[in-house]
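Written below as structure tokens is the structure these notes are about.
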Amino acid sequence: MYSTRNDISESTRSKVIELLNERLADSIALFNSLKHAHWNVRGPSFVEHHELFDSIATEAATWSDDVAERAVQLGGVADGNLERVAKHAKIRALSEKSFIGLELVAAVADHLASYGKNIRGAIDRADDIGDKDTADLFTGISRAVDKQLWFLEVHLETKQHSSKPQGKKKK
């Protein structure tokens, strides 16, 4: 670890840096999956899905950067190299079984939900370790993930119900 004037104990910082690097691997894997979906989506709503995935990927890049920078602020190394991500990410690659519209939107929603679950677990772990600032960082990411997940789920719901009649039935 690098020397820092941060008053959090070295033992606490060491544990938090490990946690941050675990979530950094997930963040990078999520970003890569989102870009993969962005590049390969197909179907009648191509433009809409292409832009949706790119928008979420842009936000995921910010999450990665924030997590990495927190590790460095605490005197650690942000370990986001390819080998670490491949070995430690809990977010796995999207299935290449289908890149058609709503199937891909649903797969991306599943990935985002899994990432959100891991981030919420990190909130509790950071708090248990004794770093409320890192817990707060994860809390902010969790809120942003939930918002993006909501966008995907509403998008799926709207598309699934678009063929059904709208409004009240007359008696």
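The values are calculated or read from the model by the stated rules, or taken from the named source; none is laboratory data. Treat the numbers as computed from the prediction; the structure is a model and nothing was measured. Because the Cβ atoms are built from the backbone with ideal geometry, glycine has one as well, and the counts that use them run over all protein chains shown.
Remarks
- Residue among 74, 24 that alone is at pLDDT 95 or above and in contact with a Leu (Cβ under 9 Å, 6 or more places away or on another chain): 74
- Scanning segment 90-127 for residues that are closer than 23 Å to residue 17 by Cα and charged (D, E, K, R) yields 90, 92, 117, 120, 124, 125, 127.
- Residue count for segment 1-24 satisfying the condition of being assigned to a helix (DSSP H, G or I), of a type in the set (Lys, Arg) and surrounded by fewer than 16 Cβ atoms within 10 Å (Cβ to Cβ): 0.
- Residue 27 meets each of the listed conditions (1) on the phi < 0 side of the Ramachandran plot; (2) surrounded by fewer than 19 Cβ atoms within 10 Å (Cβ to Cβ); (3) of a type outside the set (A, V, I, L, M) apart from (2).
- Restricting segment 98-137 to residues that are touching a helix residue (DSSP H, G or I) at 6+ places or on another chain (Cβ under 7 Å), at pLDDT below 95 and of a type outside the set (A, V, I, L, M, F, W, C) leaves a set whose member that is farthest from residue 152 (Cα to Cα) is 98.
- Residue match in segment 99-114 (condition: touching a His at 6+ places or on another chain (Cβ under 8 Å), in a helix (DSSP H, G or I), on the phi > 0 side of the Ramachandran plot and of a type outside the set (Phe, Trp, Tyr)): yes
- Pair list, Cβ < 7 Å and 6+ apart or interchain, from segment 80-97 residues that are over 15 Å from residue 31 (Cβ atoms) and part of a loop (DSSP other than H, G, I, E, B) to residues that are of a type outside the set (Asp, Glu) and at pLDDT 90 or above: 95/107
- Pairing each residue of segment 133-148 that is under 10 Å from residue 120 (Cα atoms) with any residue that is among the basic types (Lys, Arg), provided the two are 6+ apart or on different chains, yields C-beta distances under 7 Å for 142/120.
- Hey, residue 45 hydroxyl-bearing (Ser, Thr, Tyr), under 24 Å from residue 147 (Cβ atoms), at pLDDT 95 or above and surrounded by 14 or more Cβ atoms within 10 Å (Cβ to Cβ) or not: no
- Residue that is modelled with the highest pLDDT [pool: residues in segment 141-171 that are surrounded by fewer than 10 Cβ atoms within 10 Å (Cβ to Cβ) and among the polar types (S, T, N, Q)]: 158
- Matching option when the condition is in contact (Cβ under 8 Å) with a residue 60 or more places away in the chain and touching a helix residue (DSSP H, G or I) at 6+ places or on another chain (Cβ under 7 Å), among 14, 45, 64: 45
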